[in-house]
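S.K.: Below you will find the structure I want to go over with you.
The values are calculated or read from the model by the stated rules, or taken from the named source; none is laboratory data. What you see is a predicted model; the values in this text were computed from it and never measured. For the accessible areas, the whole protein counts, side chains as well, though only heavy atoms, and no ligand, DNA or RNA atoms are used. Shrake-Rupley method; radii C 1.70, N 1.55, O 1.52, S 1.80 Å.
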Amino acid sequence: MQLFIFVTLAAITFYTFGFGVTLWKGKQKISAIAVFFLTLAIIVLPFFSIF
């Protein structure tokens, strides 16, 4: 189950980061920065889990 959670989180992180890159290339810098912070939150948040 831990492996499934790790793979799912990695997939969501890569997809979100790719979306941020797409926004950056589309000259939407502010939105891209917001998405990059969201990606950072996805990476860091599991370390603060209660479980």
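S.K.: Quick check on the chain: helices-only [θ] at 222 nm, where DSSP H runs of length 4 and up contribute -39,500 (n - 2.57) each and the sum goes over total residues. Nearest 500, please. Don't skip to the answer; put the middle values down first.
M.R.: Working: 2 runs with 40 residues, N = 51.
Per the formula, -27000 deg cm²/dmol.
S.K.: Okay, moving on. Roughly how many percent of the accessible protein surface of the chain is carbon and sulfur, given a 1.4 Å probe and a whole-percent answer? Before the final figure, lay out the partial values.
M.R.: Details: 3640 of 4490 Å².
Its accessible area is 81 percent carbon and sulfur atoms.
S.K.: Enter the accessible area per residue of the chain (Å², integer; probe 1.4 Å; all protein chains in place).
M.R.: Details: 4490 Å² over 51 residues.
Roughly 88 Å² per residue, with all protein chains present.
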